[in-house]
Number of protein chains: 2
Amino acid sequence: MTDSRIPTSAHPIRVLLADDQALVRGALAALLNLEPDLTVVAEVGRGDEVVDVARSSGPDVCLLDIEMPGADGIEATAQLREQVPGVRVLIVTTFGRPGYLRRALDAGASGFVVKDTPARELAEAVRRVHAGLRVVDPALATESLLGGPNPLTDRERQVLREAIAGGTVSSIAARVHLSQGTVRNYLSSAIGKTGTATRVEAARTAQERGWL
Amino acid sequence: MTDSRIPTSAHPIRVLLADDQALVRGALAALLNLEPDLTVVAEVGRGDEVVDVARSSGPDVCLLDIEMPGADGIEATAQLREQVPGVRVLIVTTFGRPGYLRRALDAGASGFVVKDTPARELAEAVRRVHAGLRVVDPALATESLLGGPNPLTDRERQVLREAIAGGTVSSIAARVHLSQGTVRNYLSSAIGKTGTATRVEAARTAQERGWL
DNA sequence: CGCGGCGAGTGACACCCGTCACGAGCTGGA
DNA sequence: TCCAGCTCGTGACGGGTGTCACTCGCCGCG
């Protein structure tokens, strides 16, 4: 309050925006630029361009979507933390899956906001992240704790990811370089761990819980 | 130009926004309100609230997403055309599936824009729709014409929709009140028409082509 | 009237899938 | 050292799945 060393408008917070949908990207820029203490200095539409643009534009906070071509927001977060020191990351994504939250925080994100949150809270989240605080959707945080850890092994995850498309066991076995019987065993154990009856249901529920 | 009966600022175009993601909704509102000749008069997050809010707020143009709870944007379009005369509809959606475009236009939409389009073009699309013109993403329009009509029968579509979740034939047969053998026949013919090998692949490709 | 097309169903066949039991190799911890 | 857990594989069983041929009734058309 009385400390003149923390000006709000003299040095606005510099924001980098990354979202694959140009319309959403531009709209978020308009929203954030309405705030006098925020300024959008760069926009990108691909995950693999984030680091380069961040180097040249020097943002304070990077606002990253997860679903992006090239590299997803979580990979981009890890790259930023490694190659662009000092920058903070706020993940803004459509799906509030507990596994996403865990992996985003592990990758070094400072905040995690779903696109269901009211628009006026986004600017405040950016300010909190810039101040060094953590911002996490509270409902999602409790769900993540209640959900427990991922019970699937690496192989089970790999096979489930291939099973989403709906191909036959032979095609999955060919893609992951395993025997058909082994693939069926992994699928069977994944079906058991997810409490489902078919491989497709198993893949869908595992995806919803962020286990992939 | 010389016609004073079409003022641009005296009577700004009144816009209703419908999108299930609050953040995107608010951001689009910020974007459109930057234009002096546009004003966002209402925002809704569910498809089944569109008609009521349109009645009370009196918009000129309704900007509808397709993926919404309650009723999707295409249903909402049909209801608007029927119950709120004079209002025009512009569909703004994530997925540029040819079937969506066709069904949206059949329902009475005046425009169809995907969220990949640049942000600055959205306001222009709203103005064109308000002026009585049609606005259709050109790439999508050609793809829709090339794709040809929907080859699936009603029953095949119904069975495919149920098959997306991945359940067994018995559960599908119970939900659609058909024999198991009949369900398998419809699935088989749908698999043939989509050029796939399994029911899940058939359901996915049919969905991508907008055949459901 | 016959004819074809479509919806709905039945039956049969080969194949695929989910499950279980079992074995071998490998790694890390008590 | 033994034990536990993960990986990868094989073999077999029962049931589910995809395909085909065929039937029956209904409707519209020439």
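The values are calculated or read from the model by the stated rules, or taken from the named source; none is laboratory data. All values reported here derive from a predicted model rather than from experimental measurement. Every residue, glycine as well, gets a Cβ built from its backbone with ideal geometry; the counts of neighbours run over all protein chains shown.
Applying the condition of being surrounded by fewer than 18 Cβ atoms within 10 Å (Cβ to Cβ) and more than 8 Å from DNA strand C (Cβ to nearest atom) to segment A:194-204 and asking which residue is nearest to B:Ile164 (Cα to Cα) yields A:Glu201. Residues that are more than 12 Å from chain A (Cβ to nearest Cβ), more than 19 Å from A:Val24 (Cα to Cα) and of a type outside the set (Asp, Glu) number at least 2 in the following helices (runs of 4 or more DSSP H) confined to segment B:19-88: B:50-57, B:73-83. In the condition set (1) within 12 Å of DNA strand D (Cβ to nearest atom); (2) surrounded by fewer than 20 Cβ atoms within 10 Å (Cβ to Cβ), B:Gln207 is compliant with all but (1). Only one of the numbered conditions (1) modelled with pLDDT under 95; (2) of a type outside the set (Lys, Arg); (3) surrounded by fewer than 23 Cβ atoms within 10 Å (Cβ to Cβ) is violated by A:Gly73, and that is (3). Tallying residues that are touching a strand residue (DSSP E or B) at 6+ places or on another chain (Cβ under 6 Å) and more than 11 Å from B:Asp137 (Cβ to Cβ) within segment B:88-103 yields 3.
Under the condition of being hydroxyl-bearing (Ser, Thr, Tyr) and within 14 Å of chain A (Cβ to nearest Cβ), the residues counted in segment B:166-203 number 6.
Residue by residue, here is whether (1) within 16 Å of DNA strand D (Cβ to nearest atom); (2) out of contact with any Lys or Arg (no Cβ under 6 Å at 6 or more places or on another chain) holds:
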residue: A:Phe112; (1), (2): no, yes
residue: A:Asp116; (1), (2): no, yes
residue: A:Ala119; (1), (2): no, yes
residue: A:Leu122; (1), (2): no, yes
residue: A:Val135; (1), (2): no, no
residue: A:Pro151; (1), (2): yes, no
residue: A:Ser170; (1), (2): yes, yes
residue: A:Thr182; (1), (2): yes, yes
residue: A:Ser189; (1), (2): yes, yes
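Residues checked against (1) modelled with pLDDT of 95 or more; (2) of a type in the set (A, V, I, L, M):
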position	(1), (2)
B:Arg14	yes, no
B:Glu43	yes, no
B:Asp60	yes, no
B:Gln83	no, no
B:Leu90	yes, yes
B:Thr94	no, no
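Reported count of residues in segment A:179-192, each being surrounded by fewer than 21 Cβ atoms within 10 Å (Cβ to Cβ), under 14 Å from A:Ala163 (Cβ atoms) and more than 8 Å from DNA strand C (Cβ to nearest atom), is 1. Contact annotation: residue pairs with Cβ atoms under 6 Å, 6 or more positions apart or on different chains, pairing a residue in segment A:166-192 that is closer than 17 Å to A:Arg204 by Cβ with a partner that is among the hydroxyl-bearing types (Ser, Thr, Tyr) and within 9 Å of DNA strand D (Cβ to nearest atom), are A:Gly166/B:Thr198.
Check segment B:178-185 and report whether any residue there is within 21 Å of B:Tyr100 (Cα to Cα) and either small (Gly, Ala, Ser) or assigned to a helix (DSSP H, G or I) (or both).
Among the residues of segment B:178-185, not one is within 21 Å of B:Tyr100 (Cα to Cα) and either small (Gly, Ala, Ser) or assigned to a helix (DSSP H, G or I) (or both), which makes the answer no.
For the subset of segment A:94-123 comprising residues that are among the β-branched types (Val, Ile, Thr), in contact with a helix residue (DSSP H, G or I) (Cβ under 8 Å, 6 or more places away or on another chain) and surrounded by fewer than 22 Cβ atoms within 10 Å (Cβ to Cβ), which member is farthest from the other protein chains (Cβ to nearest Cβ)?
Top of the filtered list is A:Val114.
The residue list B:Ser179, B:Ser110 contains one member that is polar (S, T, N, Q) and more than 30 Å from B:Gly58 (Cβ to Cβ), which is B:Ser179.
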